[in-house]
C-alpha cells in the first residue's frame, strides 16, 4: 500500500502466541524478523487491519487479547486496546505509528506469504533471547512479553 502520509503511517503489529511460542516472519523488503502486520487501510479500523494482515500473511485466525470498553454506549463501538503503542523508523523521514497487539491462535498451522516474506516460524522465549537472526530489540521485547502474558492463560 502506498504511504498515506509522507512522515507517518498508522500500522498494526500482531504478536501471535501458540503453545508458548510467538510467530515472526522474515520480511523480504526490510530484511529482518518481524511480527505479522502492516498498514491500516483507509476506512479500516485497527482490529480489522490486524485480522486482515494476520490472515493474508499467515493464514491464521486469531483472537486479539486486550482491554475493551464495555458495550452499551450509544454511537460507540468498542475496540480491543493494543498492548503497546510506538513510533518506529522505516526509511528516511518516514515512520510508522505502531499499534502493537497480542493475540492467540487456535492452531500452529501457518502458511508463508512468499511475496512478502522469506520465511515464517514460531519462536519460544529462549529462541528470541539467543537467536543470532536479525530480530530488532523491540521485537524481542514484545515477543517475550506476549509469551509471558498469554502462554499461561
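The values are calculated or read from the model by the stated rules, or taken from the named source; none is laboratory data. Since the structure is predicted, the reported quantities are computational estimates derived from the model, not experimental observations. Note that each Cβ is placed from the backbone with ideal geometry, even for glycine, and that neighbours are counted across all protein chains shown.
Testing residue 82 on (1) out of contact with any helix residue (DSSP H, G or I) (no Cβ under 9 Å at 6 or more places or on another chain); (2) assigned to a loop (DSSP other than H, G, I, E, B); (3) within 24 Å of residue 5 (Cα to Cα), one condition comes back false. Which one is that?
Looking at each condition in turn, residue 82 falls short on (1).
Take the residues of segment 1-28 that are in a loop (DSSP other than H, G, I, E, B) and in contact (Cβ under 8 Å) with a residue 24 or more places away in the chain: which is nearest to residue 127 (Cα to Cα)?
The residue in question is 20.
For segment 117-135, give me the residue count where each residue is at pLDDT 95 or above, surrounded by fewer than 18 Cβ atoms within 10 Å (Cβ to Cβ) and assigned to a loop (DSSP other than H, G, I, E, B).
1
Would you pick out the residues in segment 91-116 that are outside any strand (DSSP E or B), closer than 18 Å to residue 30 by Cβ and touching a strand residue (DSSP E or B) at 6+ places or on another chain (Cβ under 6 Å)?
Result: 112, single match.
Only one of 53, 47 is touching a strand residue (DSSP E or B) at 6+ places or on another chain (Cβ under 8 Å), farther than 15 Å from residue 147 by Cβ and surrounded by 21 or more Cβ atoms within 10 Å (Cβ to Cβ); which?
Criteria check complete, one pass: 53.
Restricting attention to segment 13-33, report how many residues are surrounded by fewer than 20 Cβ atoms within 10 Å (Cβ to Cβ) and in contact with a helix residue (DSSP H, G or I) (Cβ under 7 Å, 6 or more places away or on another chain).
Going through segment 13-33, the residues surrounded by fewer than 20 Cβ atoms within 10 Å (Cβ to Cβ) turn out to be 19-20, 26-32.
Subset that is in contact with a helix residue (DSSP H, G or I) (Cβ under 7 Å, 6 or more places away or on another chain): 20.
Counting residues in segment 13-33 that are surrounded by fewer than 20 Cβ atoms within 10 Å (Cβ to Cβ) and in contact with a helix residue (DSSP H, G or I) (Cβ under 7 Å, 6 or more places away or on another chain) gives 1.
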